[in-house]
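These notes concern the structure reproduced below.
The values are calculated or read from the model by the stated rules, or taken from the named source; none is laboratory data. The model shown is predicted, which means the values in this text are computed figures rather than measured ones. Positions of Cβ are generated from backbone atoms using ideal geometry, with glycine treated the same way; all protein chains shown enter the neighbour counts. Calculation scope for accessible area: heavy atoms of the full protein, side chains included, ligands and nucleic acids excluded. Shrake-Rupley method; radii C 1.70, N 1.55, O 1.52, S 1.80 Å.
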Amino acid sequence: MRVAILGAGMGGLTCALALARSGFAVDVYEQAPVLGEVGAGITLSPNASRIVEYLGLGDELARIGVIPGKQWAQHWQTGDVLLEFERGPALMATYGAPYTHIHRADLHAMLSRALEAAAPGSIHLDSRAVAATPDGRVTFADGRAIEADIVVGADGVRSSVRESLFAPERPHFTGQVAWRGIVPVERLPEPVRALPPGIHVGPQRLFMRYPVRGGSLVNYAAFVELHGWEEESWAIPSTVEELLGHYDGWDRTVREIITATPADQLFKWALHARKPLDTWIAGRVTLLGDAAHAMLPFMGQGAATAMEDGLILARCLSAYSPNEALHRYEAARRDRTTMVQTQSRLLGMKFQGKDPESLGLGPIENEEALGLFGYDATSVAI
């Protein structure tokens with residue numbers, strides 16, 4: 001069976017690697033001309049890191065990732081610790097897989113290398129899909145066309161597969177603008193270096209920080225409720241002065257990290273989302289990750305749910321006929337991803353509320369009560 005996956009993101013590569021190791025002929029078509037240093041930090045909670053381990057990459061993840069001991073939620077103005085999260089050995093003991101911070105490019109390179117080893121030549125760059133048909137035909141921007149037994153649209157929030165087969169409406173702006181920055185740790189004051197990973201929460205603002213690449217870099221993401229600017233591309237350069245203007249009066253830790261950002265390591269983008277679809281299936285075509293269920297990033301589960309999608313789709317295709325496999329995949333994933341979409345939006349509202357002290361134990365209860373980290377895509381019923 002030939003499977004064509006459109007998009008070489010985390011979900012697409014996870015699916016391709018699992019399929020290749022199960023004996024499928026798999027091809028991944030990526031619109032970028034090179035696979036390079038994209039993005040910034042990413043957090044793999046246990047539901048995602050156990051997928052990496054299942055794919056045989058656990059040792060490599062342990063070498064290049066950072067496992068924190070604690071994580072704080074702090075008051076935007078005073079820096080007071082409002083909540084403390086266990087992220088180290090106790091969490092590992094509970095869920096059997098680590099909570100790991102990693103550079104997105106490092107994770108991407110790890111997955112792409114493993115896929116190339118399992119299926120040499122299966123990644124096709126500079127291949128932007130513009131349309132797909134239910135019979136498995138895909139057309140690319142340069143006029144090429146391919147046919148496959150199964151087509152997987154893993155091509156992001158502005159998915160051309162979704163656009164051509166499922167819902168033509170544009171993604172809607174969420175009222176949130178995000179900044180991402182990378183700071184070499186030596187540029188930071190010693191007291192800031194010594195802090196555990198954390199989230200500063202305040203009215204209409206959120207600032208998240210954590211280490212990557214062995215602690216040599218601090219990655220941060222800043223979220224601001226802001227209207228009047230809605231550009232979606234997440235590689236739009238910004239300036240330290242612009243971001244500092246949105247965090248006037250905030251705890252000095254936040255401002256020191258922003259101030260230390262190298263001029264070429266600060267970018268911004270407007271957050272967009274889509275309404276849930278009635279179905280992810282059109283003939284021999286299905287969707288995965290942001291193409292199916294784009295969500296706000298406040299639970300840190302966008303990449304994780306895409307990887308869950310990828311592994312479960314591969315398991316379904318390995319166990320059932322193509323038509324049954326697609327429907328079992330959708331049935332296994334829709335409730336889970338809809339829940340995470342909804343809870344991500346609600347948690348963002350809570351983090352950016354007018355009264356940060358009211359956080360209580362909400363986020364901890366969410367992780368446990370919602371089964372966020374305990375979800376096991378390697379063994380969940382399909």
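Here are some notes:
- Residue of Gly143, Gly153, Gly310 that the Gaussian network model of the chain assigns the largest fluctuation, springs spanning Cα pairs under 10 Å: Gly143
- Dividing the summed -39500 (n - 2.57) terms of all DSSP H runs of n ≥ 4 by the residue count of the chain sets its mean residue ellipticity at 222 nm at -10500 deg cm²/dmol.
- Once the C-beta distance of Asp278 and Lys70 is scaled by a Förster radius of 25 Å, the resulting FRET efficiency is 0.05 to the nearest 0.05.
- Placing a pseudo-label 7 Å from each Cα along the Cα-to-Cβ vector at Thr78 and Leu125 gives an inter-label distance of 5.2 nm.
- Under 16 Å from the Cα of Lys350 - aspartates and glutamates, other chains or at least 8 residues apart: Glu225, Glu365, Glu367
- Enclosed volume per residue, in Å³, of the convex hull spanned by Cα atoms of region 182-273: 110
- Divided by 2.2 N^0.38 Å, where N counts the residues, the Cα radius of gyration of region 129-249 comes to 1.49.
- Accessible surface computed residue by residue for the chain, with neighbouring protein chains in place and a 1.4 Å probe, gives 40 Å² per residue.
- With all protein chains modelled, accessible area of Thr133 [1.4 Å, Å²]: 50
- For region 1-143, fraction of C-alpha pairs farther apart than 26 Å, in %: 38
- Taking the chain as a Gaussian network of alpha-carbon nodes connected by springs under 10 Å, the highest mean-square fluctuation of the residues Asp309, Asp126, Asp27 belongs to Asp126.
- Under Karplus coefficients 6.51, -1.76 and 1.60, residue-wise ³J(HN,Hα) of region 150-161 in Hz, glycine/proline x: 9, 10, 10, x, 10, 9, x, 5, 9, 4, 6, 5
- Where the alpha-carbon atoms of region 60-189 are placed on the principal axes, they occupy 56, 41, 34 Å, in descending order.
- Euclidean distance between Cα centres, region 157-201 to region 1-43, Å: 21
- Here region 159-251 is assigned +1 on the Cβ of each Lys and Arg and -1 on the Cβ of each Asp and Glu. Its dipole about the Cα centre then comes out at about 400 debye.
- Alpha carbon centroid spacing (whole Å) that separates region 202-218 from region 266-339: 27
- With contacts taken as Cα pairs under 8 Å at a separation of at least 6 residues, the chain carries a relative contact order of 22 percent.
- Glu163 contributes an accessible area of around 70 Å² to the protein surface, as traced by a 1.4 Å probe with all chains present.
- Quotient of the Cα radius of gyration of the chain and 2.2 N^0.38 Å, N being its number of residues: 0.96.
- Scaling the Cα radius of gyration of region 235-349 by the globular reference 2.2 N^0.38 Å produces a ratio of 1.44.
- Calculated diffusion of region 166-216, Stokes-Einstein form, Kirkwood radius summed over Cα pairs, 4 °C and 1.567 mPa s, µm²/s: 92
- For the chain, a Gaussian network of Cα nodes joined below 10 Å ranks His172, His327, His272 by mean-square fluctuation, and the top entry is His172.
- Annotation: amide H-H contacts under 5 Å for Leu83 (H modelled 1.01 Å from N, sequence separation of 5 or more, or interchain): Ala73.
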